[in-house]
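Asks: Supplied in structure tokens, the structure appears directly below.
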Amino acid sequence: MPMMPSALEEAEVSNVFTSLVNPTGITIVPCSPTAKPLKTITDVKTALQQGRKQDLKYILRNNAWPVDHPIRNQLWPLLCMQHQNEKSSNSIEGFYWEMVKQVFGTMELPDKPINLPPFVEPSHCHSYYLTHKGRAAVDRVVSVLGYAYPDIVYSPTIYSICALLLHFISEEECYNCMVCLVVCKEKTFITQTKLLYEVTWKTVMQISKKHVKGPAVFLQRHCNSARAERIYVDWIWWIFQGLPFQHLIRIMDCFFHEGIKVFYRTAMAILILFYKNSSAPTSEYQAEIQKNGVESALLKFCKEMPVTPQKFLKVAFGIRGLSSAYISRVFIRTEMVLKSKTVISGSRQLVRSRSSENLPNSQSQNNIQMVSHTLTIRERMPEEMYDDMLLTLWSWLPVRITMYTPILLYTTEEHGCSLTTFYVRVEQHEPTLLLIKTCNNEVFGAYCSSRWCERNQKDQRGNRQAYFGTGETFLFSLYPERAKYPWVGIDADRVEHGAELFMAADTKMITIGGGDGQAIWIDENIRFGKSDACSTFNNPPLCPGGDFEIRVLEVYGFKMND
């Protein structure tokens, strides 16, 4: 039982939090005794400025700053702003208050409840220790975010993350931080569609069954399969609704740097500790399982978490074999499987989900057609067929990318036929969409997951890496055949090295796919190419005979909608 804080201690605690917080009920757990003093914000800034990402990760995971430590009013904005998208103007100084005046007509906090955006989950608007004024502030931040980013379809964690930020930083800083998390393309922080939310809980379920088998089997044993799935559906609320505040704050320290994978590890740490504390027949949680079911017991356990925040993080980050690459592979595979259920491959008819969230909104459709005007596939092709082809291609993209507007980066029609020009205009963009029309009117290409500038990266021995990219890369054919060829590793736990050759490039050529052939090979003059069957995508040649002459090549990038 924690000791009641003195009046002086209460005053010190309240100075750490913003004026939107009532700190009275916050339990303060002092940091564990340690031979080394806690790192400072200067240490964090130095690691960030020097690009020492692994060191920064270690600092955030191992420095047990207590809830009332003053570091977070600088730490959290610093961590969030590192993910800022330079092309987004929605986090510049003063922008938030301009938006507030535009949306509400005043900068005064409204007395009446605000109608929240439809992406919010009304039953999970957790405000923690915010006052009435604080809850009004988080409502306003979330509403402005929904107004500025209308493509957010479903994102139940946004409200809770905003509320947590407002405990330590100002309303404007909170909005700016949220913008950085929403627009970040390199890491996933916040899912923004119902499909991607489903992908997250299925990812948690799959990696739990493989990496924490005992707890996963224990969960399964106490309910049927359908019920077990239902438990995983609520995985994010084990964290945001269940865990004590002091544990949640330490998790957020790591999340703002590393992204959603921190939540995956957190969920598995909960399962590990729940299993450890519930498996004995005399356990109070066994009694709760028998009385009210395993879901109730799990939530009760989260709220009563018997280990310190630092011990909890040690369990979470101590799970072996759980690499970012593996998590990404499971996530991509799950997304593709779920998305394939909403799209009939090779058909002109698209099956739309209830929200049609896998298709572009009307503005994006206009943008697709507008920026693709130079692509000569329009010639001798009915407008309806052309539009349908673009929509099919759009439906094959990863869901998060459909939130962005395609922009034409490079076209041989306008920028000439030179690999040097290609690299100058394209290499810093991630991802890119490469479209080729041959002199025989075949149309095909590739979604390239990584920046082309990675061709210059070197391995640990200082040698230039021949291949780069990730399993999100895929091939496609649009005309005369319409088909998508995803990475073969999507359907396999392990693949040969020859099936992980995604992208390669140098001054003489670019290549997509490898192993027993190259799916797409283009010469330095961007005039001739070759397409073979390859191990990476298990594709047939994308044009008859394999050799082709390029009529036009275009490359698109993606930017956040204005």
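Asks: Output the qualifying pairs, or none if there are none: Cβ atoms under 6 angstrom, residues six or more apart or on different chains, first residue in segment 126-143 and closer than 11 Å to Tyr159 by Cα, second residue of a type in the set (Phe, Trp, Tyr) and open to solvent by less than 40 Å² (accessible area, probe 1.4 Å).
Replies: Going by the 6 Å Cβ cut-off, the qualifying pairs are His126/Phe240; Val141/Tyr175; Val142/Tyr159.
Asks: Take the residues in segment 200-228 that are of a type in the set (A, V, I, L, M, F, W, C) and not in a helix (DSSP H, G or I), then tell me which one is most open to solvent (accessible area, probe 1.4 Å).
Replies: Of everything passing the filter in segment 200-228, Cys223 is most open to solvent (accessible area, probe 1.4 Å).
Asks: Just the residues that are touching a residue at least 12 places away in the same chain (Cβ under 8 Å) and open to solvent by 40 Å² or more (accessible area, probe 1.4 Å), please, taken from segment 298-309.
Replies: Leu299, Lys300, Lys303, Pro306, Thr308
Asks: Output the residues belonging to segment 417-441 that are within 17 Å of Glu186 (Cβ to Cβ) and open to solvent by 10 Å² or more (accessible area, probe 1.4 Å).
Replies: Across segment 417-441, the qualifying residues are Glu427, Gln428, His429, Glu430.
Asks: Give segment 492-503 a look and list any residue that's open to solvent by less than 50 Å² (accessible area, probe 1.4 Å) and in contact (Cβ under 8 Å) with a residue 24 or more places away in the chain, or say none.
Replies: Passing the criteria: Gly498, Ala499, Leu501, Phe502, Met503.
Asks: Taking only segment 1-23 into account, find how many residues are modelled with pLDDT of 80 or more, closer than 20 Å to Pro309 by Cα and exposed (fewer than 15 other Cβ atoms within 10 Å of the Cβ).
Replies: Going through segment 1-23 one residue at a time, the tally reaches 0.
Asks: Failed condition for Gln241, given (1) of a type outside the set (D, E, K, R); (2) open to solvent by 10 Å² or more (accessible area, probe 1.4 Å); (3) within 29 Å of Leu48 (Cα to Cα), with all others met?
Replies: Among (1) of a type outside the set (D, E, K, R); (2) open to solvent by 10 Å² or more (accessible area, probe 1.4 Å); (3) within 29 Å of Leu48 (Cα to Cα), the lone unmet condition for Gln241 is (3).
Asks: A further question on this structure: Restricting attention to segment 276-288, does a residue exist that is touching a Pro at 6+ places or on another chain (Cβ under 7 Å) and at pLDDT 90 or above?
Replies: So far as segment 276-288 goes, yes, one or more of its residues are touching a Pro at 6+ places or on another chain (Cβ under 7 Å) and at pLDDT 90 or above.
Asks: Sticking with this structure for a sec: Which one of these is within 19 Å of Ile251 (Cβ to Cβ), modelled with pLDDT under 95 and part of a helix (DSSP H, G or I): Cys180, Cys162?
Replies: Cys180
Asks: Considering segment 277-297 alone, what residues qualify as being out of contact with any Leu (no Cβ under 8 Å at 6 or more places or on another chain) and in contact (Cβ under 8 Å) with a residue 40 or more places away in the chain?
Replies: Those that are out of contact with any Leu (no Cβ under 8 Å at 6 or more places or on another chain) and in contact (Cβ under 8 Å) with a residue 40 or more places away in the chain: Ser278, Ser279, Ile289, Gly293, Glu295.
Asks: Then there is this: Could you tell me whether any residue of segment 520-538 is open to solvent by 10 Å² or more (accessible area, probe 1.4 Å), among the charged types (D, E, K, R) and touching a helix residue (DSSP H, G or I) at 6+ places or on another chain (Cβ under 8 Å)?
Replies: Yes, segment 520-538 contains a residue that is open to solvent by 10 Å² or more (accessible area, probe 1.4 Å), among the charged types (D, E, K, R) and touching a helix residue (DSSP H, G or I) at 6+ places or on another chain (Cβ under 8 Å).
Asks: Take segment 119-153 and flag every residue that is of a type in the set (Val, Ile, Thr) and either outside any helix (DSSP H, G or I) or farther than 21 Å from Lys101 by Cα (or both).
Replies: Val120, Thr131, Ile152, Val153
Asks: Still on this structure, I have one more. Of the conditions (1) farther than 20 Å from Glu454 by Cβ; (2) surrounded by fewer than 17 Cβ atoms within 10 Å (Cβ to Cβ); (3) not hydroxyl-bearing (Ser, Thr, Tyr), Asp506 clears all except one; give me its number.
Replies: (1)
Asks: Only one of (1) within 19 Å of Lys187 (Cα to Cα); (2) assigned to a loop (DSSP other than H, G, I, E, B); (3) open to solvent by less than 70 Å² (accessible area, probe 1.4 Å) is not met by Leu48, so which one is it?
Replies: (2)
Asks: Next question, about the same structure. Would you confirm whether or not segment 126-146 contains a residue that is in contact with a strand residue (DSSP E or B) (Cβ under 9 Å, 6 or more places away or on another chain) and at positive phi?
Replies: yes
Asks: If only one of Glu186, Glu171 is acidic (Asp, Glu) and in contact with a Lys or Arg (Cβ under 8 Å, 6 or more places away or on another chain), which one is it?
Replies: Checking each option against the conditions leaves just Glu171.
Asks: Just to be sure, is Tyr96 closer than 27 Å to Tyr129 by Cα, hydroxyl-bearing (Ser, Thr, Tyr) and at pLDDT 90 or above?
Replies: So Tyr96 fits the description; yes.
The values are calculated or read from the model by the stated rules, or taken from the named source; none is laboratory data. Since we're looking at a predicted model, the values are computed, not measured. Cβ sites come from the backbone with ideal geometry, for glycine too, and all protein chains shown count toward neighbours. Please note that ligands, DNA and RNA were not included when accessible areas were found on the heavy atoms of the full protein model with its side chains. Shrake-Rupley method; radii C 1.70, N 1.55, O 1.52, S 1.80 Å.
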